[in-house]
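J.: Following this message is one structure expressed as structure tokens.
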Amino acid sequence: MSEVLSKYLPEHSVEICFELIKGNNVHLKIVNERQTRHGDYRKSIGGKHEITVNANLNKYRFLITLVHEISHLVAFEKFGRNIKPHGNEWKITFQRMMVPFIRPEIFPHSVLPLVANHFRNPTASSDTDARLAFALKQFDERKVDIHFIHEVPSGSLFRIKNGRVFKKNGLRVKRYECLEIKTGKLFLFNANAEVEIIPG
């Protein structure tokens, strides 16, 4: 198991994660990419703790996702099944479980302060913390034609993963206002959204 984990996790986090998996009787599955989530946790009918994490995540996002999902398990076991999935009990559990990982041996210097700041009050998804999400995405294997929306020139057309086409208008506070060409509706995009620029 440690050998498998070492392919997906930062080197100095492997043993700690292995102990968390073993200590909580986790059945871990590393699965193909899902667009809607990085990972999930469920307790099977037989009482087995099943956690899935997407195989395509970079090592730092894989680590955060794995600990996120184990925190669900630990919070449910400690506080009962009636708690909110991302309520205070889970937040406290996630914060505590991330403490051993918030170290320079595990996270690069460019990401460490953002990780530490995020875990003062973790959210349901690290993607909603734009600064952290952008910093983590620097370690993704990016396709040549994929850009962050903040790199798209104003007035340009771009395509998102599902094929819908938009025109970038401008920045509204922290998000970018964009017009969907087909419907004429306005949408807001986080700065770290990945899009394909359509040549003008």
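J.: Of the cross-linked pairs Lys29/Lys78; Lys43/Lys174; Lys78/Lys161; Lys7/Lys78, which ones have a Cα-Cα span greater than 29 Å in the structure shown?
T.: Lys43/Lys174; Lys78/Lys161; Lys7/Lys78
J.: If you don't mind, another one. State the extension gain, in nm to one decimal, for the chain segment bounded by Phe18 and Lys161, taking 0.36 nm per residue of separation less the distance between their alpha-carbons.
T.: Difference between extended and current length: 48.1 nm.
J.: Now for a separate question. When averaged across all projection directions, what area in nm² does the alpha-carbon convex hull of segment 146-198 cover?
T.: The orientation-averaged projected area of the Cα hull of segment 146-198 comes to 3.1 nm².
J.: Tell me the relative contact order for the chain as a rounded percent, counting alpha carbon contacts under 8 Å between residues six or more apart.
T.: Worked out over the chain, it gives 13 percent.
J.: Over segment 146-198, what is the relative contact order in percent, taking alpha-carbon pairs closer than 8 angstrom and at least six residues apart?
T.: Relative contact order for segment 146-198 comes out at 42 percent.
J.: For Lys167, Lys59, Lys78, what's the fewest-to-most ordering of other Cβ within 10 Å of each Cβ?
T.: Arranged by neighbour count, lowest to highest, Lys167, Lys59, Lys78 become Lys78, Lys167, Lys59.
J.: Let me ask something else about it. How large is the helix-only mean residue ellipticity at 222 nm for the chain, computed as the sum of -39500 (n - 2.57) over DSSP H runs with n ≥ 4, divided by its residue count, in deg cm²/dmol to the nearest 500?
T.: Computed mean residue ellipticity for the chain: -9500 deg cm²/dmol.
J.: Separate question: What is the distance, in nm, between label points placed 7 Å from the Cα along the Cα-to-Cβ direction at Thr36 and at Phe139?
T.: Simple spin-label model gives 2.8 nm for this pair.
J.: While we're looking at this one, here's another question. Can you tell me which of Asn32, Asn190, Asn54 moves the most in a GNM of the chain? Springs connect C-alpha atoms under 10 Å apart.
T.: Asn32
J.: Quick one: compute a quarter of the convex hull surface over the Cα atoms of the chain and quote it in nm².
T.: Computed as one quarter of the Cα hull surface, the answer is 12.9 nm².
J.: Ratio of Rg to Rh for segment 7-67, alpha carbon only, Kirkwood?
T.: 0.96
J.: Oh, and also: Using DSSP to call loops (not H, G, I, E or B), can you name the GluC sites (Glu not before Pro) in segment 93-159 whose Cβ has at most 14 other Cβ atoms within 10 angstrom?
T.: Sites meeting the loop and neighbour criteria: Glu105, Glu141.
Each value in this text was obtained by applying a stated rule to the coordinates, not by laboratory testing. Computed from a prediction, not measured in an experiment: that's the story for all the values here. Virtual Cβ from ideal backbone geometry, glycine too; neighbours counted across all protein chains shown.
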